[in-house]
Amino acid sequence: MSAGTQVHANLTEEQVREISGDLDEPEWLLETRLEALEALDELEMPDVIRTPGRDWTNLHELDFESLVDPLNAAEDKDQVGPEDAEVLPWAEAVQDHEDLLKEHFGSIVDPQENYLTALSTALFSTGTVIYVPEGVDAEDVTVRTEQNSRSLFNYTLVVTEESSSVTILERQSTGQEADEQYYSGVVEVAAGENSYVQYGSLQNLSEEAYNFTVKRGVADTYATIDWIEGNLGTQLTKTEVSTTLSGDSSETQIVGAFYGHNDQHFDLDAKVWHRAEHTTADLVTRGVTDDVARSVYEGVQDVGQDAWDTSSYQRENTLMLSDESEADASPKLIINNHDTEASHSATVGQIDQEDLFYMTSRGVDPRAARNMLVEGFFVPVLEEIDVDELREDLEELIGTRLRERA
């Protein structure tokens, strides 16, 4: 493990056994947890985004000694879905679908990939399993998590069988606030042949919180995984959203929106791995930084040797509302197959003064004109959101933040 990382000194095997025992988990799952715990001493922190001459995010400053309290997890969780699909709390899924969990748990996100994934694997005490049987169309699945403890480790598994579909809204917010909090979320999506998954997530945790999330999916033949991620809360967010297109004619879209103010810091990854023929990907991210907030974005489109007839597109735009805020973007294309149509672009800038002048010269108040331009900046992202509640909530939160701006 890298020097400088503060490990929770009191984290013990007995604590992990207690968490697993409270959930009545089978022996194989307990062993997975214990192996992750044992690996902590040897694992590095997740890779951070680097631009020439600068590491944007320092995860080693996280004080796990004070942040992580594994046996005192508290939350209010609401898990709702239609009758044809199963939306189960983790403890129920362990009892009802052990074979499903044994097949998929840790198959997409390696529990020992890095220090934080191992920490989450060892300590997660809450979670949701969403299982959609063959041919079922499941709309309006919602998972709302309100954190009421110093630390909370959450796991979500989504499995869709052939020719099924599901639309999911996940929300994270803070209920009872501590001085500082830590939220960790791991999401794995296994999309079966010809199935469709749209996974929308809105993170609005306390601005005293730290947030680490990784959301990854694998799409089978003719399957589609669409991700929508909104980030407005926390003082530090490190997040990755990615899809592996492993089946022919599979597709993915990754849509992101963020708004940082005060001294918030967002470290955002969006990645797609083309590993089959006739695959399509579209990555769209738009964000705002204000005050002394910072954002850094890395988008990767990786086209494998066997990914014939690939289409892959990426666009990232960041709008800075103050001279003191910072933003950078690092879009990357890795192409190992010549039968590929791909593009990537990224921009960082401020509000167009000509647009602002045009509006104010026609009688629009300067503050209102600026807010309208910012709201319009997010429209290309908002138009991609199928879940009305997610789109409306994101619009409202952005509008509220703009109105509160000094």
Exercise for review: Exactly one condition in (1) outside any loop (DSSP other than H, G, I, E, B); (2) of a type in the set (D, E, K, R); (3) within 30 Å of ASP69 (Cα to Cα) is not met by LYS271; state its number.
Suggested key: (3)
Exercise for review: Considering each residue of segment 283-317, count those that are surrounded by fewer than 18 Cβ atoms within 10 Å (Cβ to Cβ) and in a strand (DSSP E or B), and give that number.
Suggested key: 3
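Is it the case that segment 175-182 has a residue that's open to solvent by 10 Å² or more (accessible area, probe 1.4 Å), touching a helix residue (DSSP H, G or I) at 6+ places or on another chain (Cβ under 8 Å) and under 25 Å from THR57 (Cβ atoms)? If you could, list the steps in order and put the result at the bottom.
Within segment 175-182, the first condition is being open to solvent by 10 Å² or more (accessible area, probe 1.4 Å), and the residues that meet it are 175-180.
If we keep only those that are touching a helix residue (DSSP H, G or I) at 6+ places or on another chain (Cβ under 8 Å) too, we end up with 180.
With the extra rule that they be under 25 Å from THR57 (Cβ atoms), the set shrinks to 180.
Yes, segment 175-182 contains at least one residue that is open to solvent by 10 Å² or more (accessible area, probe 1.4 Å), touching a helix residue (DSSP H, G or I) at 6+ places or on another chain (Cβ under 8 Å) and under 25 Å from THR57 (Cβ atoms).
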**Study point:** Filtered residues of segment 384-406 (kept if out of contact with any strand residue (DSSP E or B) (no Cβ under 9 Å at 6 or more places or on another chain) and touching a residue at least 60 places away in the same chain (Cβ under 8 Å))
**Key:** ARG405
Point to revise | Neighbours by Cβ (under 8 Å, 6+ apart or cross-chain): first from segment 95-106, more than 11 Å from TYR131 (Cα to Cα); second among the β-branched types (Val, Ile, Thr) and outside any helix (DSSP H, G or I) | key: HIS104/VAL159
**Study point:** Every pair of residues 6+ apart whose Cβ atoms lie under 6 Å, when the first sits in segment 141-154 and is among the basic types (Lys, Arg) while the second is in a strand (DSSP E or B) and open to solvent by less than 20 Å² (accessible area, probe 1.4 Å)
**Key:** ARG150/GLN181
**Study point:** Odd one out for HIS60 among (1) assigned to a strand (DSSP E or B); (2) more than 20 Å from the chain's Cα centre (by Cα); (3) within 27 Å of ASP267 (Cβ to Cβ)
**Key:** (1)
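Out of the residues in segment 191-221 that are charged (D, E, K, R) and either closer than 19 Å to THR57 by Cα or within 10 Å of the chain's Cα centre (by Cα) (or both), state the one that is least open to solvent (accessible area, probe 1.4 Å).
The initial filter retains those residues of segment 191-221 that are charged (D, E, K, R), namely 193, 207-208, 215-216, 220.
Now restrict to residues that are either closer than 19 Å to THR57 by Cα or within 10 Å of the chain's Cα centre (by Cα) (or both): 207-208, 215-216.
Numbers: GLU207: 60, GLU208: 88, LYS215: 8, ARG216: 33 Å².
Here the answer is LYS215.
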Study note, to complete from the structure: GLN79 passes all but one of the listed conditions (1) farther than 23 Å from ASP22 by Cβ; (2) in contact (Cβ under 8 Å) with a residue 24 or more places away in the chain; the exception is number (1)
Exercise for review: Considering every residue within segment 65-75, establish whether at least one is at pLDDT 95 or above and part of a loop (DSSP other than H, G, I, E, B).
Suggested key: no
**Study point:** Positions within segment 318-349 being touching a residue at least 12 places away in the same chain (Cβ under 8 Å), in a loop (DSSP other than H, G, I, E, B) and within 30 Å of ALA307 (Cα to Cα), in sequence order
**Key:** ASN336, ASN337, ASP339
Review point. In segment 360-406, which residue that is aliphatic (A, V, I, L, M), open to solvent by less than 30 Å² (accessible area, probe 1.4 Å) and part of a helix (DSSP H, G or I) is modelled with the lowest pLDDT?
Key: ALA369
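Looking at ARG150, ARG144, which is the one that is modelled with pLDDT under 95 and open to solvent by 20 Å² or more (accessible area, probe 1.4 Å)?
The unique qualifying residue is ARG150.
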Review point. Within the group LEU23, LEU40, LEU59, LEU67, which residue is surrounded by 14 or more Cβ atoms within 10 Å (Cβ to Cβ), in contact with an Asp or Glu (Cβ under 7 Å, 6 or more places away or on another chain) and aliphatic (A, V, I, L, M)?
Key: LEU67
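The values are calculated or read from the model by the stated rules, or taken from the named source; none is laboratory data. Since the model is a prediction, treat every value here as computed from it, not as a measurement. All Cβ positions, even for glycine, are placed from backbone atoms using ideal geometry, and neighbour counts span all protein chains on display. Protein only, heavy atoms only, side chains kept; ligands, DNA and RNA dropped before computing areas. Shrake-Rupley method; radii C 1.70, N 1.55, O 1.52, S 1.80 Å.
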